[in-house]
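Comments concern the structure below.
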Amino acid sequence: MKNFNEPDYQRITLTIFIAAIVLLSWQALYEWPRRQHLAQAVAVQSQRAEAIKEKKVEEIKAKEIDADFNPNLTRAQRLENTTRVLIKSDKLHGSIDLKGARFDDLTLAKYKVTLDKDSPEVILLSPNGDNEAYFAQAGWVATDGKTKVPDGKTIWKSDKASIKANEISTLSWDNGAGVTFILSIAVDNDYMFNITQRVENNSGSEISVAPYGYINRSHNEGLQGNVVMHEGPLGVVEGAIIEVPYKTLNEKGNKTYENANGWLGITDKYWLTALVPDSQFKGTFSHYTKNGQERYQADYVGSTQTINAGSSHESKMRLFAGAKEINVLDRYADGDSSGANPPIPLFDRAVDFGVLYFLTKPLFLMLNLFYAMIGNFGLAIMMVTIVVKLCMFPLASKSYKAMAKMRILQPEMVKLREKYHDDHIALNKEMMALYKLHRVNPASGCLPLLIQMPVFFALYKVLYVTIEMRHAPFFGWLRDLSAPDSSNIFTLFGLYPWETPHLLHLGILPILYCITMIIQQRQQPAPPDPVQAKMMKIMPFALLFLFASFPAGLVVYWIWSNILSIMQQEIITLRHGTHRSQREKQNALDKAAAKKS
């Protein structure tokens with residue numbers, strides 16, 4: 001056997017060493033610089049494509065959107081002067097303008113502007129030029145800088161005169177250079193448009209394009225925002241809710257989200273428009289002023305697609321335009337089992353249930369369940385009140401028992417206040433000794449109110465933000481539980497109608513609430529502090545005016561809750577005995593127990 005020092009092994013080692021030097025030299029002197037140059041070229045090309053996309057999107061926002069602006073026409077005239085594809089479904093009525101393939105005419109068939117029988121349907125989308133201009137559009141950006149793509153002036157061809165639910169209408173346009181752009185549009189039974197953006201390249205050379213979509217609206221009022229809920233640009237990016245107030249865009253400028261996944265749109269109290277791309281995108285919320293209007297836009301641009309000659313490419317986008325019905329939003333959030341409509345993350349959060357979401361949404365679902373059983377949201381609110389009372393019964397029962405004992409001790413407390421009226425320290429000391437002797441917690445009477453406050457706020461949210469409550473009747477004059485009580489004592493409930501100041505609008509429900517609260521207070525012992533006692537007496541009348549502006553459904557809840565509390569307190573009080581003979585007997589037993597101790 002040869003050892004490692006033999007000449008043939010040395011030659012092999014030397015050969016390997018020289019080969020390694022040559023290979024490393026090749027990599028250092030040629031291959032690494034070549035790769036670096038290639039990476040720089042790719043980066044420059046990518047930056048150029050992004051710059052083109054940015055420029056094109058800005059052009060779309062600054063020029064194409066407002067190219068047909070004409071403030072002298074009515075909404076009806078704008079619709080009549082253009083060629084359109086009609087939208088006909090049970091929930092949506094409207095049309096798509098073939099100039100620009102723009103969604104700018106949409107009304108909600110289920111919802112009326114007012115409670116009047118002849119009230120028109122709620123208008124969601126309107127053509128450019130209106131004071132309430134609001135529209136959406138899908139298209140492409142030419143990232144190669146040379147491909148002619150459709151824009152706001154493009155006249156599309158449609159294979160159908162109208163789109164019905166679950167039918168597909170195809171819009172097409174040829175750029176004259178062998179590239180055909182196709183929009184396949186379908187609407188489901190609710191408020192979702194499924195849009196397929198397809199590009200067929202028969203130009204003889206490769207092209208590069210990127211899909212985009214935008215929602216644009218004018219909005220000149222309400223920039224201070226709604227203190228109860230969010231209205232304005234809204235979306236979900238990387239699993240997080242993004243809420244951008246109109247005022248923030250005005251003052252701080254555009255908001256951009258790179259490499260985003262999710263959706264983005266614009267929300268009102270009851271209505272929502274949203275873009276849901278099928279893949280990663282760059283999303284932007286922006287604001288600008290044009291033609292004397294404050295304009296707001298939510299848009300996205302997808303990734304660049306290079307399409308070889310003789311090939312095609314398609315991307316998908318969903319456009320939601322409709323009412324924020326909880327069951328509909330939940331269904332979109334969950335997606336379908338077939339995979340044709342993937343889940344839309346946190347889509348139900350378009351309804352602003354607030355920080356008490358964990359309580360507010362279950363409360364709504366319970367309310368909606370009772371409504372399905374009873375058919376009246378007012379009665380459903382009363383059923384929910386009973387459930388809430390039952391859940392709180394153990395703790396509330398202890399509180400009511402403590403208050404019943406406090407009533408028994410009321411004569412002793414009066415004596416102590418008379419005896420120590422000039423010495424508050426001694427009075428408090430004797431009071432605490434009295435409470436300790438009879439095992440009474442004076443603060444326990446506040447527990448029912450404190451426990452109900454989260455439920456109160458959650459129910460207020462439900463009544464204020466959910467469209468299911470909008471125009472929901474109860475009985476008689478209560479035709480809308482989401483609005484304040486329309487009756488007014490200062491007009492003798494309509495017998496002498498006159499324009500009353502806002503502060504002088506007191507309906508029947510707030511008055512009933514005040515009465516039930518006074519009765520409930522009289523069941524409770526008076527506070528030991530005279531100032532506090534006076535404040536408690538004034539409180540029902542102060543809340544009377546406050547509750548006059550609250551939704552009627554909320555006042556119904558509170559009145560019914562007070563009535564249940566009065567009944568419960570009366571039963572517990574009778575069980576503990578509040579007659580004079582019973583109080584004297586109880587006092588004698590307590591004194592005997594004190595002497596023994």
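Details
- Asp105, sole failed condition from (1) surrounded by fewer than 19 Cβ atoms within 10 Å (Cβ to Cβ); (2) among the charged types (D, E, K, R); (3) assigned to a strand (DSSP E or B): (1)
- Condition check for Ser169: within 22 Å of Thr83 (Cβ to Cβ) and assigned to a strand (DSSP E or B): yes
- Residues of the stretch 148-171 classified as out of contact with any helix residue (DSSP H, G or I) (no Cβ under 9 Å at 6 or more places or on another chain) and within 11 Å of Gly100 (Cα to Cα), total: 6
- Filtered residue count, the stretch 272-295, keeping only those that are modelled with pLDDT of 95 or more and within 17 Å of Asn131 (Cβ to Cβ): 0
- Counting only residues that are outside any strand (DSSP E or B) and surrounded by 21 or more Cβ atoms within 10 Å (Cβ to Cβ), the stretch 273-325 holds 1 of them.
- Filter result for Val237 (within 22 Å of the chain's Cα centre (by Cα), more than 21 Å from Ala133 (Cβ to Cβ) and without any contact (Cβ under 8 Å) to a residue 12 or more places away in the chain): no
- Failed condition for His471, given (1) assigned to a helix (DSSP H, G or I); (2) modelled with pLDDT of 80 or more: (1)
- Annotation: of all residues in the stretch 189-219 being aromatic (Phe, Trp, Tyr) and assigned to a strand (DSSP E or B), the one that is farthest from Leu249 (Cα to Cα) is Phe193.
- The single residue among Asn250, Asn259 that is modelled with pLDDT under 95 and in a strand (DSSP E or B) turns out to be Asn259.
- Residue in the stretch 535-580 that is farthest from the chain's Cα centre (by Cα), counting only those that are among the basic types (Lys, Arg) and modelled with pLDDT under 80: Arg580
- In the stretch 334-353, the residues that are among the small types (Gly, Ala, Ser) and either surrounded by 18 or more Cβ atoms within 10 Å (Cβ to Cβ) or modelled with pLDDT of 95 or more (or both): Ala350
- Boolean, Leu379 is at pLDDT 80 or above and more than 14 Å from Ser565 (Cβ to Cβ): yes
- Residue match in the stretch 335-347 (condition: aliphatic (A, V, I, L, M), assigned to a loop (DSSP other than H, G, I, E, B), assigned by TED's automatic domain parsing to the domain that holds Ile266 and touching a residue at least 12 places away in the same chain (Cβ under 8 Å)): yes
The values are calculated or read from the model by the stated rules, or taken from the named source; none is laboratory data. Worth saying up front: this structure is predicted, and the values here are computed from it rather than measured. Glycine gets a Cβ as well: all are built from the backbone with ideal geometry, and neighbour counts include every protein chain shown.
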